[in-house]
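Everything on this sheet refers to the single structure shown next.
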Amino acid sequence: MSAKIKYTFIKDAKGNILSGITSLYKAQGWLDKEDTSEKLVKIIYGSAAFLIAENQEGRIIGMARAIGDGISDAYMQDITVAKEFRGQGIGTELVIRLKKHLESLGYSWIGLIAQDNSQPFYMKAGFKQIMSAAPMMSDKSHV
């Protein structure tokens with residue numbers, strides 16, 4: 001990694017941080033037209049953990065979050081890095097830091113769904129594929 005990246009766990013967001021997170025969600029197509037900043041604030045606050053990556057200029061260039069039951073099980077999602085910063089190890093660092101943080105909180109089961117043939121990426125960060133399982137969603141959900 002050439003530039004210094006700052007990694008921070010947050011519980012709330014406003015101003016430039018909220019704007020940066022919103023930009024990442026929009027770039028991934030994870031926001032619907034009716035989604036508001038208030039909804040994102042609630043998502044951040046309601047997460048078991050929400051990690052952001054900032055470059056030296058203070059721009060939010062990556063994020064990863066987890067939802068959980070507060071005791072044993074957590075699920076990672078919304079993991080992304082801005083396109084122009086990919087391939088520098090930032091995504092791997094986000095996943096590793098989030099996983100270690102969840103483990104420090106006592107979570108013993110940490111899972112995720114690897115989309116778009118991203119299994120090798122997550123395997124480098126300490127995950128293994130569950131061969132006897134298939135990710136499933138409600139028929140009303142979208143990916």
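Computed quantities for the displayed model
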item	result
Residue within region 64-87 that is surrounded by 19 or more Cβ atoms within 10 Å (Cβ to Cβ) and in contact with an Asp or Glu (Cβ under 8 Å, 6 or more places away or on another chain) present	yes
Filter result for the condition that a residue is among the small types (Gly, Ala, Ser) and touching a residue at least 12 places away in the same chain (Cβ under 8 Å), over Ala133, Ala82	Ala82
Residue check for Gln88: out of contact with any strand residue (DSSP E or B) (no Cβ under 7 Å at 6 or more places or on another chain), within 20 Å of Lys6 (Cβ to Cβ), in contact (Cβ under 8 Å) with a residue 12 or more places away in the chain and part of a loop (DSSP other than H, G, I, E, B)	yes
Leu94 within 22 Å of Thr22 (Cα to Cα) and in contact (Cβ under 8 Å) with a residue 60 or more places away in the chain	yes
Residues that are more than 12 Å from the chain's Cα centre (by Cα) and of a type in the set (Gly, Ala, Ser), drawn from region 83-110	Gly87, Gly89, Ser104, Gly106, Ser108
Number of positions in region 69-90 that are closer than 23 Å to Pro135 by Cβ and touching a helix residue (DSSP H, G or I) at 6+ places or on another chain (Cβ under 7 Å)	5
Residue identified as of a type in the set (Phe, Trp, Tyr), part of a loop (DSSP other than H, G, I, E, B) and either at pLDDT 95 or above or in contact with a strand residue (DSSP E or B) (Cβ under 6 Å, 6 or more places away or on another chain) (or both) among Tyr75, Tyr107	Tyr107
Residue check for Lys128: part of a helix (DSSP H, G or I), loosely packed, with under 13 Cβ neighbours inside 10 Å and of a type outside the set (Gly, Ala, Ser)	no
Subset of region 27-54 [acidic (Asp, Glu), in a loop (DSSP other than H, G, I, E, B) and either in contact with a His (Cβ under 6 Å, 6 or more places away or on another chain) or exposed (fewer than 14 other Cβ atoms within 10 Å of the Cβ) (or both)]	Asp32, Glu34
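Results for (1) more than 22 Å from Arg97 (Cα to Cα); (2) in contact with a Phe, Trp or Tyr (Cβ under 8 Å, 6 or more places away or on another chain); (3) at pLDDT 95 or above, shown as yes or no for each residue.
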{"residue": "Met1", "(1), (2), (3)": "no, no, no"}
{"residue": "Lys4", "(1), (2), (3)": "no, no, no"}
{"residue": "Lys11", "(1), (2), (3)": "no, yes, yes"}
{"residue": "Ile21", "(1), (2), (3)": "no, no, yes"}
{"residue": "Gln28", "(1), (2), (3)": "no, no, no"}
{"residue": "Leu31", "(1), (2), (3)": "yes, yes, no"}
{"residue": "Thr36", "(1), (2), (3)": "yes, no, no"}
{"residue": "Ile44", "(1), (2), (3)": "no, yes, yes"}
{"residue": "Ala49", "(1), (2), (3)": "no, yes, yes"}
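The values are calculated or read from the model by the stated rules, or taken from the named source; none is laboratory data. Owing to the predicted nature of the structure, the values given are computational and were not obtained by experimental measurement. Virtual Cβ from ideal backbone geometry, glycine too; neighbours counted across all protein chains shown.
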